[in-house]
Every structure is written in structure tokens, then in C-alpha cells.
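The values are calculated or read from the model by the stated rules, or taken from the named source; none is laboratory data. All values derive from a computational prediction rather than experimental measurement. Glycine also receives a Cβ, built like all others from the backbone with ideal geometry; neighbour counts cover every protein chain displayed. Please note that ligands, DNA and RNA were not included when accessible areas were found on the heavy atoms of the full protein model with its side chains. Shrake-Rupley method; radii C 1.70, N 1.55, O 1.52, S 1.80 Å.
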Amino acid sequence: MTPAYFALTSAFILGLSGLIFHRTHLLSALLCLEGVMLALFAYLSLLTLQFGMADHASTPLLLLSFSACDAGVGLALLVATARTHGSDRMQSLNLLQC
């Protein structure tokens, strides 16, 4: 395994573990999700360059655009949650009260 693949795999695993174990605030969960998406983008870009797949060159850009949309929706939810509940703590959120 090359150092680049090891670094991207480590970034992906660290993002997932942060998303699983440190879910106290909504902002930290969104940041971990962005880290996972950026690791996937870099991994797909590296695979496309390494194998020379010109027909799949738009796949990393598609993933990056979905990641940007995800970040926008996540920040909108963060603002709405902070306005309605007073904080971004995940403990205060309840689906039955929304």
C-alpha cells in the first residue's frame, strides 16, 4: 500500500470513527462527515489518475458537488436547530418533538 492510499484510508477511518464516537454536537458530526467525503473524493481522484479511466473522470467531481450540497444542507439544519432549540447538542434533539 502506497503512502497516499494509507493516508486517505486513515483519513476515511478517522472521519467515520469521529462520526460514530463523538456525536455530542451537530457541528462536529457535520465536520466528520465532510472529512469522510473529502477522503472519498481524493481516493476516487487518485484511482482515476492511476488507472487512466478517462470515461470515469467526472465521478470525483460529481461526488464533490454532492458533498458541497450536503454541506449547505447541513449548515442550514445547524442554523435552524440552533434557533429553535438554543444549542446544537445532539442530546437535545428528539424526532418526536419536531
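Results, tabulated for the structure shown:
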read-out	value
Modelled label reach - residue 69, point 7 Å along Cα→Cβ, the stretch 33-60 residues with backbone N closer than 19 Å	33-42, 57-60
Cα shape, the stretch 1-88, gyration tensor, a/c 1.5 rule	oblate
Nearest-0.05 FRET efficiency for residue 61 and residue 91, computed from C-beta distance (R0 35 Å)	0.40
Fraction of accessible area attributable to carbon and sulfur, the stretch 1-88 (%, probe 1.4 Å)	77
Helix-only CD estimate at 222 nm, as mean residue ellipticity for the chain, using -39500 (n - 2.57) per DSSP H run (n ≥ 4)	-26000 deg cm²/dmol
Cβ-based net charge around residue 63, under 15 Å, with every Lys or Arg adding one and every Asp or Glu removing one	-2
Choice from 29, 71, 82 with maximal GNM fluctuation in the chain (Cα, 10 Å cutoff)	82
